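Please read the structure below before turning to the comments.
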């Protein structure tokens with residue numbers, strides 16, 4: 001019986017060695033693929049940038065934009081934004097692209113500069129997989145109008161695989177820009 005038991009142990013040990021070698025080979029392939037994808041930075045980065053001129057002062061545009069409680073009445077893209085809007089804080093953002101499903105993110109505020117810029121950084125899972133740095137800039141044109149710039153910089157190994165999603169994001173940004181313009185200009189005296 002010892003010889004059968006010895007043979008069984010030998011077979012099990014051989015199977016374990018094969019599985020260990022297979023696991024190491026698979027991990028090596030995955031790691032090599034991630035490194036290769038990461039080295040080609042240009043395909044791991046993408047930016048969407050939109051802008052619109054609003055016939056109102058930069059202060060009026062900022063005040064309408066930052067009044068997040070009213071987003072549900074005019075904003076077709078950002079359905080809600082909650083949290084303390086200060087640099088370093090985590091906020092909660094509920095987005096819904098037109099015809100798409102709602103998505104909730106918990107980004108970190110990077111910039112909150114009154115009448116100039118609001119910027120946050122969100123990520124999926126861990127940094128470097130799919131990160132989005134969403135920004136809103138307010139440019140005083142010195143003629144009673146404001147240029148509102150709305151964009152996002154995407155980075156990470158998954159960026160190359162989500163081109164269609166990013167294209168629909170641009171449409172959502174433009175719809176929001178148009179809605180902000182209408183909301184500000186309707187209250188403009």
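Screening residue 168 against (1) assigned to a strand (DSSP E or B); (2) at pLDDT below 95 leaves a single unmet condition, (1).
Looking only at residues of the range 114-126 that are loosely packed, with under 14 Cβ neighbours inside 10 Å and in contact (Cβ under 8 Å) with a residue 12 or more places away in the chain, we find that the one that is farthest from residue 170 (Cα to Cα) is 114. For the subset of the range 120-165 comprising residues that are closer than 19 Å to residue 102 by Cβ and either in a helix (DSSP H, G or I) or more than 14 Å from the chain's Cα centre (by Cα) (or both), which member is modelled with the lowest pLDDT? The qualifying residue modelled with the lowest pLDDT is 164. Has the range 55-66 got any residue that is exposed (fewer than 14 other Cβ atoms within 10 Å of the Cβ), in the same structural domain as residue 138 (by TED's automatic domain parsing) and within 19 Å of the chain's Cα centre (by Cα)? No - not one qualifying residue is present in the range 55-66.
In this structure, residue 148 qualifies as touching a strand residue (DSSP E or B) at 6+ places or on another chain (Cβ under 6 Å), buried (at least 16 other Cβ atoms within 10 Å of the Cβ) and farther than 25 Å from residue 44 by Cα.
Is it the case, given these coordinates, that residue 92 is under 14 Å from the mean Cα position of the chain (by Cα), at pLDDT 95 or above, at negative phi and exposed (fewer than 13 other Cβ atoms within 10 Å of the Cβ)? First the steps, then the outcome.
Details: under 14 Å from the mean Cα position of the chain (by Cα): yes; at pLDDT 95 or above: yes; at negative phi: yes; exposed (fewer than 13 other Cβ atoms within 10 Å of the Cβ): yes.
Yes; evaluated as a whole, the condition is true for this residue.
The values are calculated or read from the model by the stated rules, or taken from the named source; none is laboratory data. From a predicted model like this one, the values you see are computed outputs, not experimental measurements. Please note: Cβ atoms are built from the backbone with ideal geometry, for glycine as well, and neighbour counts cover all protein chains shown.
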